[in-house]
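Here's the structure, in structure tokens; my notes come after.
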Amino acid sequence: MAIIAPDKLLTAEEYGRLPDRGHPSELVRGRIVEMNVPYPRHGQICALVAHLIQQYLDTHDIGHVISNDAGVIVERGPDTVRGADVSFISYRKVPKGPLPAKYLDLAPELIVEVRSPTDRWAKVLQKVAEYLTAGSEVVCVIDPETETVQLHFADKPTETLAGQEQLSFANLLPGFQIPIDRIFA
């Protein structure tokens, strides 16, 4: 991960207007941080989770599913823009219809991050904390290496699920549930 140090700290809006740099990056406290392109397995898991949430939303029209590292502003002054692998934001926060052509300045209720083999846990947990501090209700960290899912909350202890245990988000997506091992099949 390389940090690109501009002459001045960038705002989320300035970062969003930059031309495509040809590789993934995030804005962390005003500075551009380059990231590795994830492996196909990472993308496969992200696509499955986004598909399962969208399938749920097709019959429970309560919000938006967002994927592909779409930007979320998690801090201001200096600004931090993180790209969530998959997220859910309800119509209570963002009305039904096309999403705005700018970074969201309010945190989705649910964030899903898929841990890549090169991700250090300290950095993953830093992102988790940023999302929770910004207002996300739950951050779900999927770890393909251990085939586990960690659920992080702002107001209760972390839960770790594996195997046939059910992944659910009762307060956000009532009735949604899938066995953990389905994510890794």
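Worth a mention:
- The set of residues in the range 94-108 that are open to solvent by less than 70 Å² (accessible area, probe 1.4 Å) and assigned to a loop (DSSP other than H, G, I, E, B) comprises VAL94, GLY97, LEU99, PRO100, TYR103, LEU106, ALA107, PRO108.
- Against the conditions (1) without any contact (Cβ under 8 Å) to a residue 60 or more places away in the chain; (2) surrounded by fewer than 14 Cβ atoms within 10 Å (Cβ to Cβ); (3) part of a loop (DSSP other than H, G, I, E, B), ASP119 satisfies every one except (2).
- Top-ranked residue of the range 126-182 - restricted to ones that are small (Gly, Ala, Ser) and at pLDDT 95 or above, ranked as least open to solvent (accessible area, probe 1.4 Å): SER136
- Filter pass, VAL114 being in contact with a helix residue (DSSP H, G or I) (Cβ under 8 Å, 6 or more places away or on another chain), in contact (Cβ under 8 Å) with a residue 40 or more places away in the chain and open to solvent by less than 40 Å² (accessible area, probe 1.4 Å): yes
- Taken over the range 40-84, the residue count meeting the criterion of being of a type in the set (Gly, Ala, Ser) and open to solvent by less than 20 Å² (accessible area, probe 1.4 Å) is 5.
The values are calculated or read from the model by the stated rules, or taken from the named source; none is laboratory data. Quick caveat: nothing in here was measured; it's all calculated off a predicted structure. We place every Cβ from the backbone using ideal geometry, glycine too, and count neighbours over all the protein chains shown. Accessible surface is based on the protein model in full, side chains and every heavy atom, while ligands, DNA and RNA are left aside. Shrake-Rupley method; radii C 1.70, N 1.55, O 1.52, S 1.80 Å.
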